[in-house]
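The values are calculated or read from the model by the stated rules, or taken from the named source; none is laboratory data. In this text the structure is predicted, and so the values were computed from the model without any measurement. Methodologically, a virtual Cβ is constructed for each residue, glycine included, from the backbone with ideal geometry; neighbour enumeration extends over all protein chains shown. For accessibility, only protein heavy atoms count, side chains too; no ligands or nucleic acids. Shrake-Rupley method; radii C 1.70, N 1.55, O 1.52, S 1.80 Å.
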Amino acid sequence: MSRSPVWLCTSHFLFLSLFVLPLVIASGGDDEVRVRERRQAEKTAKEKVDFKSLTIEELCKDRRTNEFFRLTTDGDCRDVVRCDRAGLTGKIRLAGVRCPNGLAFDVDRQTCDWKAKVSNCDRLEKPRKPLPKLVTNEPICPENELSCGDGECIARELFCDEKPDCRDGSDENACTVDQDPNAAPKCDRSQCILPDCFCSADGTQIPGNLEPSQVPQMVTITFSGAVNVDNIGLFDEIFDGSRQNPNGCQTRGTFFVSHKYTNYSAVQELHRKGHEIAVFSVTSKEDENYWTGGSYDDWLAEMAGSRLIIERFANITDNSVIGVRAPYLRVGGNKQFEMMADQLFVYDASITAPLGRVPIWPYTLYFRMPHSCHGNGQNCPSRSHPVWEMVFNELDRRDDPTFDEKLPGCHFVDSCTNIQTGEQFGRLLRHNLNRHLSTNHAPLGLHFHASWLQSNKEFKSELQKFMTEMLNRNDVYFVSMLQVIQWMQNPTELTAIRDFQEWKEKCDVKGNPFCSLPNPCPVTTRELPGETLRLFTCMECPKNYPWILDPTGDGLI
């Protein structure tokens, strides 16, 4: 394939009415001390004020229903509430949540975390940003212009371009998929035609309008992270060549490879055997905000840089590294997808769809996402992009779906925290496959970190048992992400799938690895001072350890 300063919150208005001090601009000496003392007194007063004196209606005015906030800064930072409309009457109430012992609630990230990592226990809520006036009873601005929060009118196209143009900055504060005034349109089947474009109103429609019984049930097994001696044996056992798809071809997986500690000779061997190699970033930085708010250049360096490293040191020359997965599934909004389109990446596999009765098929982002932007703090793309989204359908993790109450879904299999035994794992696999088989046969994604499968021998054997059992059905295929896209671009009925040529490439690979003794290159880089890392490759050793500013290892500029 060719590579064709902001007001923070309502409570601050309370602070002003309760504790107001004149501002003195002083040039030195005692005056400076008094100014500092007054500012400290203001800060101390603010920290003591809470929301308890406000009515529920006041607390919830203009607040999103999924936003958690505190009623007080006293206590252990574990308790938060959100606004909830109860029942048919729509009466507003507060729904409380408490983090487990040892954890605190981070109001910026909207999640529980270790208390040492939470630095905003003195704040009641996320910063409140001014919003534009996008919908009004009477027009405020001329045609093709929209109103900022302060009433200033600017051109529509300046909204949500990641550059503040309003005086109050409000043009960049309402830019979600549902708010962006320049968002991609909703699906128009007359304008979205395969093989280049696929969409449906709710995301559940089958490509080619085939009947579910005529659709091969595709299952994608993917791994994210480094490929090295710790997990190569696991991959060899799962894909040992003894299990074949009903068309006679070996089962395939997709490996989203992160750079540090990866053995590129092993990546080269996975590629030779017909598995798909995709990118998972160079640095895998732990700061989730780095990915969510990443610039175009950040995503370029991380993902295009990762592809460059893989292609050079795993000797992949067929332009087949076309997929991206964001670390921690923290999508980078429009900037990520602009970069992907410019660099001719074909698909992203990072966006999660909430657990629903009918799973969602992958789709292209020429049109608007057919589901909500699921998860706290996510930054889904709102604009139109020529990129496929290999959407995560959340897994139903109930141990007994016929009896257990509903639980939130999980995305990576290892995030299904209630799975403790091989027997439970097996039930999860079979139940979720049956959900897909009994509805629209959308591809089932089983996404792993290798360490989880290695943590319990039962898990690995249960996965192998599941694969063997399902392959005996003759309608289940374990394929790569790319193979799913190939089928969707040319929907082929189950009766003719054995001759589907796109799945015949590297059908049954035989032969030996390209090299049995890869070069164990001990290399360093100024980007990681004090570290000497071994880069295993069948290619020539680089001068430096490849990293974000020097992906080829030829030397920093």
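On the protein heavy atoms, probe 1.4 angstrom, tell me the percent of accessible surface of the stretch 63-117 carried by carbon and sulfur. Show your work: numbers first, answer last.
Values: 1700 of 3300 Å².
Summing carbon and sulfur atoms, their accessible area is 51 percent of the total for the stretch 63-117.
Which one, 468, 524, 341, projects farthest toward the positive side of the charge dipole computed for the chain from Cβ point charges (K/R +1, D/E -1)?
468
What distance in nm separates the two pseudo spin-label positions at residue 438 and residue 454, each 7 Å out from Cα along the beta-carbon direction?
3.7 nm
With +1 on the Cβ of every Lys and Arg and -1 on the Cβ of every Asp and Glu, and nothing else charged, how large is the dipole of the stretch 187-276 about its Cα centre, in debye rounded to the nearest 20?
Numbers: 6 positive and 10 negative charges, 33 e Å.
Result for the stretch 187-276 is approximately 160 debye, rounded to the nearest 20.
Return the whole-Å distance between the Cα centroid of the stretch 174-243 and the Cα centroid of the stretch 310-358.
Here the two parts' Cα centres lie 11 Å apart.
If you count only protein heavy atoms with a 1.4 Å probe, what accessible area per residue comes out for the stretch 201-345, rounded to a whole Å²? Show your work: numbers first, answer last.
On the way: 4500 Å² over 145 residues.
Per residue, the stretch 201-345 has 31 Å² of solvent-accessible surface.
Which one of 247, 229, 452 has its Cα pushed farthest toward the positive end of the charge dipole of the stretch 212-503, where Lys and Arg give +1 and Asp and Glu give -1 at the Cβ?
Positive-most Cα among the choices belongs to 247.
What figure in square angstrom, to the nearest 10, would you give for the accessible area of residue 451 with a 1.4 Å probe?
Approximately 80 Å² of residue 451 is accessible to the 1.4 Å probe.
Please name whichever of 545, 270, 491 sits farthest to the positive end of the charge dipole of the chain, dipole taken about the Cα centre and charges placed at Cβ: Lys and Arg +1, Asp and Glu -1.
Checking the options against the dipole of the chain, the answer is 270.
Measure out, as a whole number of angstrom, how far apart the alpha-carbon centroids of the stretch 119-169 and the stretch 437-504 sit.
Value for the Cα centre distance between the two parts: 46 Å.
Using every pair of alpha-carbon atoms in the chain, split the distances into 20 Å bins beginning at 0 and state the percent of pairs per bin, rounded to integers.
18, 48, 28, 5, 0
Taking the Cα centre of the chain as origin, work out the dipole magnitude from +1 charges on Lys and Arg Cβ and -1 charges on Asp and Glu Cβ, in debye rounded to 20.
Working: 63 positive and 78 negative charges, 207 e Å.
That gives the chain a dipole magnitude of about 1000 debye.
Taking all protein chains as present, what is the carbon and sulfur share of the accessible area of the stretch 212-503, in % to the nearest whole number, probe 1.4 Å?
Answer for the stretch 212-503 is 46 percent, counting heavy atoms of protein chains only.
Can you send over the carbon and sulfur percentage of the accessible area for the stretch 130-183, probe radius 1.4 Å, protein chains only?
46 percent
Go through 125, 138, 502 and list them by solvent-accessible area, largest first, probe radius 1.4 Å. List each step's numbers first, then the result.
Working: 125 5, 138 130, 502 65 Å².
I get 138, 502, 125, largest accessible area first.
If the only charges are +1 at each Lys and Arg Cβ and -1 at each Asp and Glu Cβ, what is the size of the charge dipole of the stretch 130-183 around the Cα centre, to the nearest 20 debye?
My answer is approximately 80 debye.
For the stretch 398-504, which trypsin sites (Lys or Arg not before Pro) pass both filters: DSSP loop (anything but H, G, I, E, B) and at most 14 other C-beta atoms within 10 Å? List each step's numbers first, then the result.
Details: sites: 398, 406, 427, 430, 435, 457, 460, 465, 473, 498, 504; in loops: 398, 406, 473, 504.
Filter output for the stretch 398-504: 406, 473, 504.
Going through the stretch 251-294, which chymotrypsin sites (Phe, Trp or Tyr not before Pro) have at most 13 other Cβ atoms within 10 Å and a DSSP loop state?
On the way: sites: 255, 256, 261, 264, 280, 290, 291; in loops: 261, 280.
Qualifying residues, ordered by number: none.
Using 0.36 nm times the number of residues separating residue 196 and residue 526, minus their current alpha carbon distance, what extension gain do you get?
114.5 nm
I want the antiparallel fraction of DSSP beta bridges within the chain, as a percent rounded to 5. Walk me through the numbers before you get to the answer.
On the way: 27 of 50 bridges.
Within the chain, antiparallel bridges account for around 55 percent of the total.
Is the stretch 212-503 rounded, prolate or oblate when judged by the Cα gyration tensor, a ≥ b ≥ c being the square roots of its eigenvalues, rounded requiring a/c under 1.5 and prolate requiring a/b larger than b/c?
rounded
Rounded to the nearest 500 deg cm²/dmol, what is the calculated helix-only ellipticity per residue at 222 nm for the chain, with -39500 (n - 2.57) per DSSP H run of length n ≥ 4?
Details: 13 runs with 123 residues, N = 557.
The per-residue figure over the chain is -6500 deg cm²/dmol.
On full extension of the chain, what length is gained from residue 117 through residue 236, given 0.36 nm per residue of separation minus the C-alpha to C-alpha distance? All intermediate terms of the calculation are to be shown ahead of the outcome.
Working: separation 119, 0.36 × 119 = 42.84 nm, distance 3.85 nm.
Between residue 117 and residue 236, full extension yields 39.0 nm more.
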